[in-house]
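Asks: Take a look at this one; I'll ask things after.
Every read-out reported here was derived from the displayed coordinates using simple, explicitly stated rules and does not represent laboratory data. These numbers come from a predicted model, not from an experiment. A quick note on method: Cβ atoms are made from the backbone with ideal geometry, for glycine too, and the neighbour counts reach across all protein chains shown.
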Amino acid sequence: MKRLNIYFLMGFLFTGLSAMATTWDEPWQDKIIREADSFVLAKVLSFDAEKGVEIKILKNLAGKELPVQTKITGFYLLHLCSRSGNEGPEFYFKGVDSCYFFLKKNDKGNQAIATPTSGYAVLKDGNVYATYRHSYHQAIVLSDTYEQTMTAIFNNYHGLTYDKNFIKSYVEKYLSLKPAGFSKDEIPTFCAQHVALESIYHLQLTEYYTLILPFLYHTENMHNQISAARALTWYHSKEAQEALLKMIEDKKTNIFAQVICIWALEDSKPVAQKEKLTKIAKDASTEENGFGGNIMDPRVCTSFPTVKGAIDAMIQKL
């Protein structure tokens with residue numbers, strides 16, 4: 001399956017990990033943020049592949065404040081799928097000056113990141129190589145935008161207040177524009193729209209249905225459809241259910257996007273649609289599904305269902 005990356009950073013950041021025999025199931029960003037204690041900007045002072053990372057905290061942005069000199073020595077969401085010999089999960093920050101980190105205190109009294117490939121975002125030349133969905137799918141975001149949106153998302157997941165006026169202004173500004181594609185001129189707008197849609201998902205906002213819909217139907221860019229489907233998770237109206245069903249039923253919809261639509265629909269517990277879903281399931285795709293990519297990528301075993309598998313799982317819950 002073709003790789004679905006928004007903006008491919010992995011070659012820059014994870015080159016040293018590509019030949020590892022150790023693999024893991026990579027978590028989604030919402031789980032990473034929910035389970036973190038702190039969100040910080042830090043300078044990477046040094047790292048050892050096995051021992052950890054020495055960092056200097058530049059900003060405590062949300063959550064528990066950390067001392068200026070902090071050490072990262074573990075992973076808080078690492079679920080291994082395979083391990084070969086003495087090869088274990090490693091830290092790899094070669095060439096990285098500064099990062100945003102989601103950190104959690106470990107049993108050694110130090111801090112941990114989620115996995116070797118998630119729970120942080122590299123800052124370079126004022127831009128952040130940011131994850132709002134999954135580390136396989138990243139976008140380039142201005143640092144100010146990243147700080148404001150991710151602080152809001154972190155605080156919301158931790159039951160704290162956030163700047164709703166900024167989020168409202170940002171979402172309305174970028175989702176009022178025509179859905180962007182991947183041409184050179186469109187990339188900045190695309191990334192901003194990605195942030196807006198994913199922020200709606202993380203913040204569980206329910207007042208932007210008409211702004212989201214054009215992105216759900218933007219067949220030229222599956223990433224717009226994926227983010228739009230995620231944003232519609234909290235819209236439980238019959239109209240929203242029918243919009244998601246339309247995408248699930250349409251054979252032209254990318255199968256990855258179809259599964260995201262299924263997950264979004266599932267949140268509304270569409271009991272009235274059970275008969276239709278059962279009919280759709282009979283002819284649904286059983287093609288292997290997932291993020292794709294290099295088979296040597298350590299995240300290669302990240303789980304993702306087939307379209308039929310996702311529908312069947314939802315029907316069992318209705």
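Asks: Could you grab the relative contact order for the chain? Cα pairs under 8 Å, six or more apart, rounded to a whole percent.
Replies: 18 percent
Asks: Let me ask you something else. Quick one: compute a quarter of the convex hull surface over the Cα atoms of region 232-318 and quote it in nm².
Replies: Taking a quarter of the hull surface, the average projection is 5.8 nm².
Asks: Still on this structure: Expressed as an acute angle from 0 to 90° and rounded to the nearest 10, what is the orientation of the C-alpha long axis of helix 164-175 relative to the principal long axis of the chain?
Replies: 60 degrees
Asks: Let me ask something additional. What is region 128-184 by shape, rounded, prolate or oblate, if you read a ≥ b ≥ c off the alpha carbon gyration tensor as root eigenvalues and call it rounded for a/c under 1.5, prolate for a/b larger than b/c, and oblate otherwise?
Replies: oblate
Asks: Could you work out the local net charge near LYS276, counting Lys and Arg as +1, Asp and Glu as -1, over the other residues with Cβ closer than 13 Å to its Cβ?
Replies: +1
Asks: How large is ³J(HN,Hα), in whole Hz, for each residue of region 265-275 in order, when computed from phi with the Karplus curve 6.51 cos²θ - 1.76 cosθ + 1.60 and θ = phi - 60°, using x for Gly and Pro?
Replies: Along region 265-275, the couplings run 5, 4, 5, 8, 6, x, 4, 5, 9, 4, 5 Hz.
Asks: Here's something else I'd like to know. Taking Cα atoms of region 68-143, Rg/Rh with Kirkwood Rh, to two decimals?
Replies: Ratio of gyration radius to Kirkwood radius: 0.99.
Asks: Then there's this: May I ask you to derive the FRET efficiency for CYS301 and GLU90 from their Cβ-Cβ distance with R0 = 22 Å, giving the value to the nearest 0.05?
Replies: According to the calculation, E is roughly 0.80.
Asks: Enter the per residue convex hull volume of region 146-217, computed from alpha-carbon coordinates, in Å³ rounded to the nearest integer.
Replies: Cα-based convex hull of region 146-217, divided per residue, equals 84 Å³.
Asks: If only Cα atoms are counted, what is the Rg of the chain, and what is its Dmax, in Å?
Replies: Using the Cα atoms of the chain, the pair Rg, Dmax is 19.6, 58 Å.
Asks: Also, quick follow-up: Which net charge results when you count Lys and Arg as +1 and Asp and Glu as -1 among the other residues whose beta-carbon is under 11 Å from that of VAL128?
Replies: -2
Asks: Report the label-to-label distance for HIS158 and LEU58 in nanometres (one decimal), using points 7 Å from each Cα along the Cα→Cβ vector.
Replies: 2.0 nm
Asks: With a point put 7 Å past each Cα toward its Cβ, work out how far ASP107 is from GLU275 in nm, to one decimal.
Replies: Each label point lies 7 Å from its Cα, and together they span 5.4 nm.
Asks: May I ask you to list the trypsin sites (Lys or Arg not before Pro) in region 160-195 that are in a DSSP loop and have at most 11 other Cβ atoms within 10 Å of their Cβ?
Replies: When the trypsin sites (Lys or Arg not before Pro) of region 160-195 are filtered for loop state and at most 11 Cβ neighbours within 10 Å, LYS184 remain.
Asks: I would also like to ask the following. Please compute the modelled spin-label separation between GLN69 and TYR217, points set 7 Å along Cα→Cβ, answer in nm with one decimal.
Replies: Inter-label distance under the simple model: 6.0 nm.
Asks: If region 33-93 were replaced by its equivalent ellipsoid, with semi-axes equal to the square roots of 5 times the Cα gyration tensor eigenvalues, what would those be, largest first, whole Å?
Replies: Semi-axes from the Cα gyration tensor: 25, 16, 7 Å.
Asks: Build a GNM of the chain with springs between Cα atoms under 10 Å: which of ARG83, ARG230, ARG299 gets the top mean-square fluctuation?
Replies: ARG83
Asks: What ³J(HN,Hα) values, in whole Hz, does the Karplus curve 6.51 cos²θ - 1.76 cosθ + 1.60 give for region 103-114 when θ = phi - 60°, with x put for Gly and Pro?
Replies: 10, 9, 5, 9, 6, 9, x, 9, 10, 10, 9, 4
Asks: Could you work out how far helix 222-231 tilts from the main Cα principal axis of the chain, as a 0 to 90 degree angle to the nearest 10?
Replies: So the inclination is approximately 90 degrees.
Asks: If you don't mind, there's one more thing I want to ask. Rounded, prolate or oblate: which fits region 262-302, taking a ≥ b ≥ c as square roots of the Cα gyration tensor eigenvalues, rounded meaning a/c under 1.5, else prolate when a/b beats b/c?
Replies: Because a/c hits 1.5 or more and a/b fails to exceed b/c, region 262-302 counts as oblate.
Asks: Which pairs break 27 Å Cα to Cα here: LYS59/LYS104; LYS168/LYS276; LYS252/LYS274; LYS31/LYS71; LYS31/LYS276?
Replies: Table pairs above 27 Å Cα-Cα are LYS168/LYS276; LYS31/LYS276.
Asks: Pop the C-beta distance of ASP125 and GLU288 into the FRET formula with R0 = 35 Å and round what comes out to the nearest 0.05.
Replies: Computed FRET efficiency for ASP125 and GLU288 comes out at 0.40.
Asks: Take the eigenvalues of the Cα gyration tensor for region 192-271, scale each by 5, and report the square roots as semi-axes in whole Å, largest first.
Replies: The answer is 16, 16, 10 Å, longest axis first.
Asks: Among the lysines, which fall within straight-line cross-link reach of LYS164, defined as a Cα-Cα distance under 17 Å, with same-chain neighbours fewer than 8 residues apart omitted?
Replies: LYS173
Asks: What is the P(r) of region 159-318, as percent of Cα-Cα pairs per 10 Å bin from 0?
Replies: 11, 37, 34, 17, 2
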